[in-house]
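Chemist: Please see the structure below; I have some questions.
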Amino acid sequence: MTLTTTTPRLDAGWLLDLLDTRPRGHSLPGACYSDPAVHELDLRLIWQRQWIFVGSVAEVPEEGDFLSIDLGSASVVVLRDDDGRLQAFRNVCRHRGSRLVTESHGCVGNIVCGYHHWTYATDGRLLHAPQLPPTAERAALGLRTVHLREVAGLLFVCLAAEPPGDIEDVARVVAPYVAPHALDRTKVAAQTDLVEHGNWKLTMENNRECYHCDGHPELLCSFFPTWGLADHQVPERLRADHDRYLLAQVDLERRSEDLGLPYALVEDLGRPVGFRLHREPLDGAGESFSPDGTRLVGRLLGDLPDARLGRLGLHTQPNAWFHAQADHVVTFAALPVSVDRTLVRTTWLVHEDAVEGVDYDVASLTATWRATNEQDAAFVALTQAGVADPGYEPGPYSEAEEQVEAFVAWYDARIREEAAR
Amino acid sequence: MTLTTTTPRLDAGWLLDLLDTRPRGHSLPGACYSDPAVHELDLRLIWQRQWIFVGSVAEVPEEGDFLSIDLGSASVVVLRDDDGRLQAFRNVCRHRGSRLVTESHGCVGNIVCGYHHWTYATDGRLLHAPQLPPTAERAALGLRTVHLREVAGLLFVCLAAEPPGDIEDVARVVAPYVAPHALDRTKVAAQTDLVEHGNWKLTMENNRECYHCDGHPELLCSFFPTWGLADHQVPERLRADHDRYLLAQVDLERRSEDLGLPYALVEDLGRPVGFRLHREPLDGAGESFSPDGTRLVGRLLGDLPDARLGRLGLHTQPNAWFHAQADHVVTFAALPVSVDRTLVRTTWLVHEDAVEGVDYDVASLTATWRATNEQDAAFVALTQAGVADPGYEPGPYSEAEEQVEAFVAWYDARIREEAAR
Amino acid sequence: MTLTTTTPRLDAGWLLDLLDTRPRGHSLPGACYSDPAVHELDLRLIWQRQWIFVGSVAEVPEEGDFLSIDLGSASVVVLRDDDGRLQAFRNVCRHRGSRLVTESHGCVGNIVCGYHHWTYATDGRLLHAPQLPPTAERAALGLRTVHLREVAGLLFVCLAAEPPGDIEDVARVVAPYVAPHALDRTKVAAQTDLVEHGNWKLTMENNRECYHCDGHPELLCSFFPTWGLADHQVPERLRADHDRYLLAQVDLERRSEDLGLPYALVEDLGRPVGFRLHREPLDGAGESFSPDGTRLVGRLLGDLPDARLGRLGLHTQPNAWFHAQADHVVTFAALPVSVDRTLVRTTWLVHEDAVEGVDYDVASLTATWRATNEQDAAFVALTQAGVADPGYEPGPYSEAEEQVEAFVAWYDARIREEAAR
């Protein structure tokens, strides 16, 4: 317990020293997952500096609609203003700091602080604040804006004054893949918030490999048995399955080309807005995350004429992953709650005209990923307990965990880069 | 996470630097409300150095009666000794430190530690401690005393070795206002403990303004619609209400003079024992905090012959406020639990001869302030979330928040003063 | 809140300064019980360096049986391997750190990590880890071993690279006292985990004196009324009781000699593996911890022909105490959970052939110590609250608390010794 200042918090030298101890291809030192001081630096150098996925346009379809989301103790409101433009603000009143919005989603005429009724327009201007002293400059008391970037309906915010600029390049690559799924004509069919008992980096590392996928019986129905194996790694007993996979891939490429959909793998995980995406076949009927691979939603997305389009898989550093099928999209946002708690918000999007009970059933639609999320939460909790143990030593990644290494390397690079600013 | 010593905790230089960043008329920097290190300094420089309101004589009427109260981790017992004198002690056994008293109120013959039965007289002397070694000096092992000052029945304690001396001056001013309500002839009709989810300073700031009083529908029945407005600020539509207010004030002053009751506003919020008090009219019947302003207790306090005496409002820095009417008194003590939790103890006092169910009804008596407290707790929780957000910036107080500024200035002055000792 | 490095944690100089302020024969300064930084040092200098009692052979009787136990955030698995030897390992996977074992007791063929199925033999060797890169050295990826020492069936582990060597000397003295109770032929009749709301040192100090035993009505049935008093301290009214005690002691010594059982007091509390043991009579029938002193288990332990063997009392620094009677043994392990939480695991062992419901009844067997533990937990919680109070000052121990002083002196010596390494 010490009482030194809160000011020079950004001295991250010791974290750099700690990161220096990690041999490439190994997990991070334990303190990176369990020390509150590392978490504080993560919040400042990652969560308050990088582009963070927060939701999609389906969550804010109409003027006045908002979503709010917490990045650690920082809360952001994303709002569609009266002119239909998306805005992002700090969820903090400019008077005495009260939270403005307390629900995760809602709709407002103006933004009215519940405490003293200071009132802001949907574009952030201060409209009403009685008895202000003459010295107070009303024009300077609008809501603090936050950088917002939409990429084919996916919403990213950045709390930094100067956000990483490469989001434009990334958007150019990613948008054509996502656009055919027409997120601007989807609606939210379901959304779950699950608090995992682990550091946010464990949540991300868990997501970046399928080395543990034996622990996901529901999900394995959708993935081919040789998923993730190189040709030479395929065991003899799975040869027939693998041939089936190769044929499905050829079929998917042909269909994609017919529809003008991009499908090739693009992986650029190391840059600030690191990402990876590709379209790949699903097993069974190849349409969706159902036990037999058939579609889960009768109405297909956008103008897609073909249900058998497998899965468009997209990852973005540091906090999101997505699966877009012909019939629905699932978005996942990982959000830090504390050094050892992470919220995973999962959202299922279907065509805005799809009718619940007719075109889809929420329980079936969400079954695979609800189960998979719960299983992953258990893995993350087991790992959090272990990495906080003084007996933990970083171990070597397997060849199936290359994207975990890529994530850790991304983290390492950003910490060094931002600490040097 | 660091392991430096606990000893040089009082280096408050960085807090002074932080306070220096505050422009006058603005709320405090976020760390003042959310950083555990600031809270530790608050405990040491405010709560262990200033005079703190802890209760009233109505809570300890008889010999052996005690109340206990926690100021952070420091617990104090206020006890009426066998000679009828009030005493205050550290609630800690001199042997191995066990808590002595665990209930908030009770009555004892002697104070007996539950662990090893060390026994203390009600004046603190150690009476019984078997098998003490010859080297132990029994006379030096009495309970540690705490400074206690009664002001017309209100009880203040100070944990400092040398308490601020100005309590004598303040008592001389305050006592004549409070004395006619005869607290020594009251009893506790009700007491509630409410834990607000916010820093103690937010609880106090909330109390020091009625700029938010639209959020208090029950309380607004008692206050005139133009309460807190200067003449020139009264809007036309409230002119008639305001005239009613001015007449009520004249009437109250006349009644007070008839009875020899002081009523003039005295405000001296900046000194160590900062305070503010005055008598002012209530709306409706003007007697009490009921929906129509009629009295809530049939039996009036002390020897008051007149029920229509409005409200004697008293604030004391840093932790209390009071409303004394002809029929009852309400005392409020705010007490820090942790950096973001504050206990508000509210006590309703009525004439000791008033009979529950005949002269008063607890539900009606307490309705307005129970509701108001709950509403304030919600405001404080919203504000705590916001000021802990890195997106918070101190904002300007309105002209209706002058007493908030006075509280913050008092806090600033005390921290500087005590840090310099 | 500071962000300095986690690396130089072992600078314990300020704790030594704090310990220097303690006059001999007095309790520790408050920070020793309540400051998280002291707790961090306690974990590193005591719990990760000393021999810690974790259970007995009765908890791991067969090949593959394991017990797991947490010393702060460090988890240890004690396992009987396929060759029947006891092994102790860090409960951490060598891959990405996941906890291996999550139950306190169980039985395994191999140790399989639940996350990615890395598989270890019961002797710790890594058996299975698919797709490891060529650079990874499998032979170096076995489970990390922990030092383990069995003393007549009692199991001690040490997390240090070089454990205190004196356990061999201590084992030589202790084993002959414990061996006749034949722990290797016992089974667990009952086990309770109780979390006390206090620092682990308060739990130990509470255990090291009977000055508070008036608070243990059940236990007092088993102890003679003059237990712990020197001859000259016995009050006149207890003279007859004391004579009864002296006779019982002579009787016990005679019986012990007949059976070749050691009984003399040996006290050596100051060394790293500090301990104290002796055999002493119980009141009433003198056989066990029942209200009238008669045996609680029909089947006696080992080959003991005589039920009236009183109590073999054993303490070991820093975390255990034991009572061995002719009919059953009770072991107690205190384990730190956090600075103000301590787990007390209590285990009742009976002959492996004793039949529940015939030879013993669990409720009766465990009644005295379940009640006593609960009472002690209440004392510890009261004391934790008090020692965390800034009004606490270390007080003098009575003459009945010499072993408390011995424990505190042991703690003081170990901290100095280990900090100097």
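Chemist: Within the stretch A:198-226, which residues are closer than 30 Å to A:Val60 by Cβ and assigned to a loop (DSSP other than H, G, I, E, B)?
Modeler: A:Gly198, A:Asn199, A:Arg208, A:Ser222 - these are the residues of the stretch A:198-226 that are closer than 30 Å to A:Val60 by Cβ and assigned to a loop (DSSP other than H, G, I, E, B).
Chemist: Would you check if C:Pro176 is surrounded by fewer than 19 Cβ atoms within 10 Å (Cβ to Cβ) and within 14 Å of chain A (Cβ to nearest Cβ)?
Modeler: When the stated conditions are applied, C:Pro176 does not pass them.
Chemist: How many of the residues in the stretch C:264-278 are farther than 27 Å from C:Leu148 by Cβ and surrounded by 21 or more Cβ atoms within 10 Å (Cβ to Cβ)?
Modeler: Result for the stretch C:264-278: 0.
Chemist: From the list B:Thr372, B:Thr331, pick out the single residue that is surrounded by 22 or more Cβ atoms within 10 Å (Cβ to Cβ) and not aliphatic (A, V, I, L, M).
Modeler: Being surrounded by 22 or more Cβ atoms within 10 Å (Cβ to Cβ) and not aliphatic (A, V, I, L, M) holds for just one of B:Thr372, B:Thr331, which is B:Thr331.
Chemist: Which one of these does A:Glu393 not meet: (1) without any contact (Cβ under 8 Å) to a residue 24 or more places away in the chain; (2) of a type in the set (D, E, K, R); (3) not in a loop (DSSP other than H, G, I, E, B)?
Modeler: (3)
Chemist: Are any residues in the stretch B:227-253 closer than 16 Å to B:Tyr211 by Cα and either in a helix (DSSP H, G or I) or modelled with pLDDT of 95 or more (or both), and if so, which ones?
Modeler: B:Gln233
Chemist: Okay, moving on. Which count do you get for residues in the stretch C:145-165 that are more than 15 Å from the chain's Cα centre (by Cα) and either small (Gly, Ala, Ser) or surrounded by 15 or more Cβ atoms within 10 Å (Cβ to Cβ) (or both)?
Modeler: 8
Chemist: Within the stretch C:356-367, can one find any residue that is farther than 25 Å from C:Val151 by Cα and at pLDDT below 95?
Modeler: no
Chemist: Now for a separate question. Do we have B:Ser256 as surrounded by 16 or more Cβ atoms within 10 Å (Cβ to Cβ), in the same structural domain as B:Phe289 (by the TED database) and within 29 Å of B:Tyr397 (Cβ to Cβ) here?
Modeler: No: the conditions fail for B:Ser256.
Chemist: Turning to a different aspect of this structure: Evaluate the following for C:Tyr392: is it touching a helix residue (DSSP H, G or I) at 6+ places or on another chain (Cβ under 7 Å), within 30 Å of C:Leu229 (Cα to Cα) and more than 14 Å from every other protein chain (Cβ to nearest Cβ)?
Modeler: no
Chemist: Can you find, within the stretch B:120-144, the residue that is nearest to the other protein chains (Cβ to nearest Cβ) among those that are assigned to a strand (DSSP E or B) and crowded, with 16+ Cβ neighbours inside 10 Å?
Modeler: B:Leu126
Chemist: Still on this structure: Filter the stretch C:85-115 for residues that are within 20 Å of the chain's Cα centre (by Cα) and more than 12 Å from C:Ser75 (Cβ to Cβ) and give the result.
Modeler: C:Leu86, C:Gln87, C:His105
Chemist: Let me ask something else. Quick check, is C:Glu162 outside the structural domain of C:Ala400 (by the TED database) and either out of contact with any Asp or Glu (no Cβ under 9 Å at 6 or more places or on another chain) or in a helix (DSSP H, G or I) (or both)?
Modeler: yes
Chemist: Residues of the stretch A:340-386 being within 14 Å of chain C (Cβ to nearest Cβ) and touching a Cys at 6+ places or on another chain (Cβ under 8 Å), which ones?
Modeler: Within the stretch A:340-386, A:Gly386 is the sole residue that qualifies.
The values are calculated or read from the model by the stated rules, or taken from the named source; none is laboratory data. Here the structure is a predicted model, which is why all the values come from computation and not from measurement. Don't worry about glycine lacking a Cβ; one is built from the backbone with ideal geometry, like all the others, and counts go over all protein chains shown.
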